[in-house]
Every structure is written in structure tokens, then in C-alpha cells.
1. When you go through ASP248, ASP223 one by one, which is the residue that is outside any strand (DSSP E or B), open to solvent by less than 50 Å² (accessible area, probe 1.4 Å) and at pLDDT 90 or above?
2. Can you tell me how many residues in segment 33-51 are surrounded by fewer than 10 Cβ atoms within 10 Å (Cβ to Cβ), polar (S, T, N, Q) and closer than 20 Å to LYS111 by Cα?
3. When THR157 is evaluated against the numbered criteria (1) part of a loop (DSSP other than H, G, I, E, B); (2) surrounded by 12 or more Cβ atoms within 10 Å (Cβ to Cβ); (3) of a type outside the set (Lys, Arg), which criterion, by number, is the only one it fails?
4. Suppose we keep only residues that are part of a loop (DSSP other than H, G, I, E, B) and of a type in the set (D, E, K, R) within segment 226-245. Which one would you say is nearest to ASP206 (Cα to Cα)?
5. Regarding segment 175-182, can at least one residue be identified that is of a type in the set (S, T, N, Q) and at pLDDT 85 or above?
6. Restricting the search to segment 226-245, which residues are surrounded by 12 or more Cβ atoms within 10 Å (Cβ to Cβ) and of a type in the set (Asp, Glu)?
7. Just to be sure I understand the filter: pairs with C-beta atoms under 8 Å, separated by 6 or more residues or on different chains, first member in segment 207-225 and among the small types (Gly, Ala, Ser), second member part of a loop (DSSP other than H, G, I, E, B) and surrounded by fewer than 17 Cβ atoms within 10 Å (Cβ to Cβ). Which pairs pass?
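The values are calculated or read from the model by the stated rules, or taken from the named source; none is laboratory data. Please read these numbers as outputs of a predicted model, since none were measured by experiment. Cβ sites come from the backbone with ideal geometry, for glycine too, and all protein chains shown count toward neighbours. All accessible areas refer to the heavy atoms of the entire protein, side chains included, with ligands and DNA or RNA removed. Shrake-Rupley method; radii C 1.70, N 1.55, O 1.52, S 1.80 Å.
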Amino acid sequence: GSSLEPEEHSMEPSAVPEEEMPLTTVSGPVGCQLFGYVGIEAVLEQMKIKTMKTGFEFNIMVVGQSGLGKSTMVNTLFKSKVSRKASQPSQEERIPKTVQLQSVTHVIEEKGVKMKLTVTDTPGFGDQINNENCWDPIIKYINEQYERYLREEILITRKRKIPDTRVHGCVYFVPPTGHWLRPLDLEFMRRLSKIVNVVPVIAKADTLTLEERAEFKQRIQEDLKAHAISVYPQEDFDQDPDDRALNDRIRKKIPFAVVGADQEHQVNGKRVLGRKTKWGIIEVENPAHCEFPLLQDLLIRSHLQDLKDITHNVHYESYRVRRLNESNRP
């Protein structure tokens with residue numbers, strides 16, 4: 001027992017080999033019953049307080065020909081003067097020679113929740129005789145915002161909160177012709193739907209009868225399906241059956257036939273937003289008159305966070321992968 005030389009059996013591992021060790025796991029029920037109050041649900045209140053303090057950002061782009069009511073529609077959406085309002089331009093400035101992008105940023109607040117809203121207008125789009133490649137400045141602008149976010153993200157010392165200027169949603173205004181989509185409309189949505197969330201709407205829908213409106217919507221849906229154009233909400237990104245059921249109902253209504261108005265009128269003792277005509281007042285927020293409430297619900301009340309998530313996780317992610325692959329090429 002006093003020998004300094006180790007015995008042979010003392011060098012052999014006494015433990016059981018790893019592949020032979022039994023693994024015992026105890027799986028409890030999915031909805032585990034708690035014995036008392038823990039406070040897990042207070043996380044929601046913490047997230048709410050933090051969001052109210054920091055606020056959030058939302059960037060929207062409106063695209064369409066002049067005179068379709070883009071500025072009025074944005075003002076109606078957010079019930080404030082947030083869009084670019086053109087002063088009386090001179091005759092030469094009325095129609096820009098090329099597509100110009102103009103952004104206006106406001107901080108709006110409702111019940112303690114702050115939102116930094118950026119509205120990007122595209123004057124000059126579709127106003128020329130030759131509209132070839134008129135979407136190039138818009139594609140360039142959207143990619144520039146992705147590039148700006150990417151540069152901030154790959155820095156060694158990053159900001160705690162990267163300023164988000166990426167376009168979360170693009171509302172495309174289709175002229176109320178009552179026929180089919182124009183080649184310009186199809187080409188724009190085909191190119192832009194790959195890099196941004198495109199929401200098509202029929203502008204100034206009060207110029208169409210209800211029958212004309214229904215036929216026009218059906219033709220637009222057939223055009224989008226025939227040309228394989230996927231507008232928001234995209235079927236490929238539905239997370240669960242509940243989301244799919246909700247988005248299916250929305251997809252049946254797209255494009256929304258909308259009417260914009262930023263003036264109030266008296267109707268049955270109440271002040272309502274609407275357009276006054278010889279035959280009465282078209283109430284903007286009345287679903288029986290137009291589909292503006294559906295657009296407002298989609299962009300703000302039900303899908304605003306989803307628009308931001310798809311922008312970050314799908315469109316920006318595909319741009320990031322493409323750019324990093326380009327930089328790694330020899």
C-alpha cells in the first residue's frame with residue numbers, strides 16, 4: 001500500500017462511456033399549473049411602459065400620379081397635417097421632369113404613445129409621356145435606406161438604437177379608370193413588391209359606381225394573380241392559422257377602394273370626415289361609403305408591427321445577405 005508506482009487498474013476510467021450513460025428527462029405538461037401568483041404577466045406592462053417612453057418609428061411611402069389625393073389620404077390616415085402640402089407652384093414646377101422624392105418627418109402622440117412618422121412622397125411619378133424606368137429613383141431610395149441601416153449595424157461600436165429610416169410600407173395609388181391595370185402599374189408592383197411591402201389602393205373611388213368598383217377590383221386581382229405579383233399581406237409569410245385566416249379576408253378586399261378627405265362636416269349632429277357633393281356627404285370612415293377604414297386598420301391598428309417585422313426579417317434580410325455576399329466575393 002506504500003508503493004509509489006500506480007497500479008494498472010487505477011489508470012482505467014471508472015465512469016460509464018458517454019454513449020452508454022442513460023439520459024433521464026422529466027417533461028411536464030405544456031400548461032403547467034402555478035401554485036400562486038408569480039408575476040409573469042407583468043412583463044407586458046414593462047414592455048408597454050418602455051415602448052411609451054422610447055416611442056417607435058414608422059416610415060410610409062405614397063406613390064402615384066399627381067392629382068390622385070396622396071397627400072390628402074395620408075392626412076386622413078393620421079388625422080393631422082403630416083404630408084407634404086404643395087404651395088402654389090409655378091407653371092414650370094408643376095410637373096417635375098424626373099421623379100423626385102421628398103420626405104417629411106413628424107412626431108405624433110396619442111394617449112402617451114409617441115410615434116416618429118416619416119412620409120415619403122414621389123412627385124413626378126407617372127406624369128411624363130415617356131415613363132420608362134421611372135421607378136428607378138424609388139428603388140434606389142429604398143435600397144439606400146437599407147444600406148444606411150446595414151452600415152450602422154456592422155460597426156464595431158454600435159448605437160444602442162439604430163435610427164430606422166427603412167420604408168415599412170408603400171401605398172400605391174391606382175387611377176380609377178375602371179378597366180385593367182396599366183403596364184406601368186404592373187411593372188412597378190412587380191419590381192417593388194420584392195423589396196418593400198406594397199399595398200395597392202384604388203384612388204378617388206367615389207368616381208366609380210359600386211358595380212364599376214367591384215368589377216375593377218376583380219380585374220385588378222386577376223391581373224396581380226396572372227403576373228405573379230405578391231402584394232402585402234403576402235401568403236408566404238403567414239405565421240399561424242389565425243394570421244392566415246385574417247389575411248385571407250384582407251386579400252379578398254385588396255385593392256381597397258378609398259376616398260380621402262381632411263375636412264369635417266356635420267352629419268346627424270356629429271362631426272365626420274367626408275367630401276361634400278350635390279347628392280350628399282361621402283363619409284370617409286363609413287364602411288358603407290368606402291373602404292378607407294379597412295386601409296387604416298391594416299396600416300395602423302392591426303398590421304403596423306407586422307409591416308415592420310416583415311421589412312426587417314424578410315426584405316432587409318435579403319438585402320443584407322446580397323450585400324455581404326458581394327463584399328466577400330474575390
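1. Values: ASP248 fails: open to solvent by less than 50 Å² (accessible area, probe 1.4 Å).
Only one candidate passes the filter, namely ASP223.
2. Here the count works out to 1.
3. With (1) part of a loop (DSSP other than H, G, I, E, B); (2) surrounded by 12 or more Cβ atoms within 10 Å (Cβ to Cβ); (3) of a type outside the set (Lys, Arg) applied to THR157, the lone miss is (2).
4. Pass one, segment 226-245, residues part of a loop (DSSP other than H, G, I, E, B): 227-234, 238-240.
The next check asks that each one be of a type in the set (D, E, K, R); those that pass are 238, 240.
On the way: ASP238: 32, ASP240: 36 Å.
Taking the candidates together, the pick is ASP238.
5. Within segment 175-182 (the criterion being of a type in the set (S, T, N, Q) and at pLDDT 85 or above), the answer is yes, since at least one residue qualifies.
6. Step one: list which residues in segment 226-245 are surrounded by 12 or more Cβ atoms within 10 Å (Cβ to Cβ), which gives 227, 229-234, 237-238, 243-244.
Hits for segment 226-245 are ASP238, ASP243.
7. Once the first residue is among the small types (Gly, Ala, Ser) and sits in segment 207-225, no partner that is part of a loop (DSSP other than H, G, I, E, B) and surrounded by fewer than 17 Cβ atoms within 10 Å (Cβ to Cβ) comes close enough.
For (1) small (Gly, Ala, Ser); (2) at pLDDT 90 or above; (3) open to solvent by 70 Å² or more (accessible area, probe 1.4 Å); (4) under 24 Å from GLN305 (Cα atoms), each residue gets a yes or a no:
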site	(1), (2), (3), (4)
ILE95	no, no, yes, no
GLY112	yes, no, no, yes
THR118	no, yes, no, yes
GLY124	yes, no, no, no
